[in-house]
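First the structure, in the form of structure tokens, and then the observations on it.
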Amino acid sequence: MSQFEQTLPIDAVARANGNARRDGTFAGLTAGLLGVTGILSGYQFTQGFAAANMSRLRAEVAAAQEAKRKELQL
């Protein structure tokens, strides 16, 4: 592992997963009010939100690493 490779910060992963659960629960409740099976759709929404949040987090970490590389090259 080079000095620039990092794993994702645990607190950021926990926050991303928590936000996904919150958003998925809300989406499931909303879908349940519309007559769709709320639990099933809530689970699917949660999985989608979790994947999106983790992708965003990875992009942020990669951008920070790239900025640090550029800073060190100056």
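For the reader, a short list of remarks on this structure follows.
- In the range 10-73, taking the dipole from charged Cβ atoms about the Cα centre, the farthest positive-side position among I39, L57, A20 is held by L57.
- Helices in the chain, meaning DSSP H runs of at least 4 residues, each add -39500 (n - 2.57). Divided by all residues, the mean residue ellipticity at 222 nm is -29500 deg cm²/dmol.
- Semi-axis lengths (Å, descending) of the ellipsoid that matches the C-alpha gyration tensor of the chain: 36, 10, 8
- Electrostatic tally near A52: other residues with Cβ closer than 15 Å to its Cβ, Lys and Arg +1, Asp and Glu -1, net +3.
Read-outs: derived from the displayed coordinates by stated rules, not from any lab. The structure presented is a predicted model; accordingly, all values stated were derived computationally and were not measured. Virtual Cβ from ideal backbone geometry, glycine too; neighbours counted across all protein chains shown.
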